[in-house]
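Reading through the structure tokens given below for one structure.
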Amino acid sequence: METVSTGVIEWAVAELVLPGQTESGDRCLVTAPSEGGLVAVVDGLGHGAEAAGAAKAAVSSLERHAQEPIIQLIRSCHRSLAGTRGVVMSVAVFDAHAETMTWVGVGNVEGVLLRAQAAASPRREMLLLRGGVVGVHLPALAAAILPVARGDVLILATDGVRNNFSIDPFAHGDSPQQLADRILAGWGTKTDDALVLVARYLGAAP
């Protein structure tokens, strides 16, 4: 796919289905109202049709409840996935009015925020992941709220991507699609479904 611009953010996805499977258990959702944007990456436990079914159900729930506060959003998703094998997920919500990003992770979908401003400290922020499975066992949730500035880059990646991925998104002026493709090509394990989502914060419309 190509980079998609939705006002507050521009984003893209690179993904790979585990060889031998017909559909991926890794899914994503991006919604972008005028003053914000919700970005989520979901990984159904295991692989194959049951993992894909759980991931689809999770994305549907997130889409239905996208206007809820982020903690309530994940709790609603947890209830809707009862009886499935469950998912792990990381969710981020951008607020252009406040110039913040709020994020939460349950399981092992890695999240990193890379700051565009060279003087920013820290330049790299990692999402705190809490052990659990949405739909099976939900841990105590606490959202972190970070300031964001135009050009900051959010990367979310499932465990089909090695978590030591390291990339400078500002060195070559790469688009989100180019960045996602490079991460998947360089750090994809090829032993599981894999999905990388890259979102660049653009800020409020002038």
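Bear in mind these aren't lab numbers, they're just calculated from the coordinates by the rules spelled out. Worth saying up front: this structure is predicted, and the values here are computed from it rather than measured. Here the Cβ positions follow ideal geometry from the backbone for every residue, glycine too, while neighbour counts run over all protein chains shown.
Of all residues in segment 50-67 being of a type in the set (G, A, S) and in contact with a Gly (Cβ under 9 Å, 6 or more places away or on another chain), which is surrounded by the most Cβ atoms within 10 Å (Cβ to Cβ)? Give the steps one after another, and end with the answer.
Taking segment 50-67 and keeping what is of a type in the set (G, A, S), we get 51-55, 57-58, 60-61, 66.
Next, only the ones that are in contact with a Gly (Cβ under 9 Å, 6 or more places away or on another chain) stay: 51-55, 57-58.
Numbers: A51: 26, A52: 21, G53: 15, A54: 27, A55: 31, A57: 21, A58: 28.
Filtering first and then ranking leaves A55.
Here is a yes/no grid of residues against (1) exposed (fewer than 12 other Cβ atoms within 10 Å of the Cβ); (2) touching a Lys or Arg at 6+ places or on another chain (Cβ under 6 Å):
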site: A119; (1), (2): yes, no
site: P122; (1), (2): yes, no
site: R130; (1), (2): no, no
site: A144; (1), (2): no, no
site: G151; (1), (2): no, no
site: V161; (1), (2): no, no
site: I167; (1), (2): no, no
site: P176; (1), (2): no, yes
site: R182; (1), (2): no, no
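If we scan segment 186-195, do we find a residue that is touching a helix residue (DSSP H, G or I) at 6+ places or on another chain (Cβ under 7 Å) and of a type in the set (A, V, I, L, M)? Quick ask: steps written out before the conclusion?
Initially, segment 186-195 is screened for residues touching a helix residue (DSSP H, G or I) at 6+ places or on another chain (Cβ under 7 Å), giving 194.
Checking the rest, the ones that are also of a type in the set (A, V, I, L, M) come to 194.
Yes, there is a match, as at least one residue in segment 186-195 is touching a helix residue (DSSP H, G or I) at 6+ places or on another chain (Cβ under 7 Å) and of a type in the set (A, V, I, L, M).
Output the number of residues of segment 75-93 satisfying the condition of being in contact with an Asp or Glu (Cβ under 9 Å, 6 or more places away or on another chain) and buried (at least 21 other Cβ atoms within 10 Å of the Cβ). Write out each step before concluding.
Residues of segment 75-93 in contact with an Asp or Glu (Cβ under 9 Å, 6 or more places away or on another chain): 75-76, 84-85, 87-90.
In the following step, the residues that additionally are buried (at least 21 other Cβ atoms within 10 Å of the Cβ) were identified as 84, 87-90.
Of the residues in segment 75-93, 5 are in contact with an Asp or Glu (Cβ under 9 Å, 6 or more places away or on another chain) and buried (at least 21 other Cβ atoms within 10 Å of the Cβ).
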Being closer than 15 Å to R150 by Cβ and of a type in the set (D, E) is the filter here, so list the residues in segment 4-22 that pass it. E10
When segment 55-73 is checked residue by residue, the ones that are of a type in the set (A, V, I, L, M) and within 12 Å of L38 (Cβ to Cβ) are V59, L62, A66, I70, L73
Within segment 17-36, can you find the residues that are more than 16 Å from the chain's Cα centre (by Cα) and in contact (Cβ under 8 Å) with a residue 40 or more places away in the chain? V17, L18, P19, Q21, S34, E35
Pairing a residue in segment 128-141 that is within 15 Å of Q72 (Cβ to Cβ) with any residue that is of a type in the set (V, I, T), where Cβ atoms lie under 6 Å and the two sit 6 or more apart in sequence or on different chains, gives V134/V87; V134/V106; L141/I71; L141/V104
Take segment 20-40 and flag every residue that is over 19 Å from S60 (Cα atoms) and among the acidic types (D, E). E35
Scanning segment 83-108 residue by residue, the ones that are of a type in the set (A, V, I, L, M, F, W, C), under 16 Å from Q67 (Cα atoms) and in contact with a helix residue (DSSP H, G or I) (Cβ under 7 Å, 6 or more places away or on another chain) total 3
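Is there a residue in segment 118-125 that is of a type in the set (K, R) and without any contact (Cβ under 8 Å) to a residue 24 or more places away in the chain? Steps first, please.
So the first thing to find is which residues in segment 118-125 are of a type in the set (K, R), and the list is 123-124.
If we keep only those that are without any contact (Cβ under 8 Å) to a residue 24 or more places away in the chain as well, we get 123-124.
Scanning segment 118-125, I find at least one residue that is of a type in the set (K, R) and without any contact (Cβ under 8 Å) to a residue 24 or more places away in the chain, so the answer is yes.
Residue under question is V8, and the condition is that it be in contact with a Lys or Arg (Cβ under 7 Å, 6 or more places away or on another chain) and touching a residue at least 12 places away in the same chain (Cβ under 8 Å); does it hold? Steps first, answer last, please.
Details: in contact with a Lys or Arg (Cβ under 7 Å, 6 or more places away or on another chain): no; touching a residue at least 12 places away in the same chain (Cβ under 8 Å): yes.
For V8, the condition - in contact with a Lys or Arg (Cβ under 7 Å, 6 or more places away or on another chain) and touching a residue at least 12 places away in the same chain (Cβ under 8 Å) - is not met.
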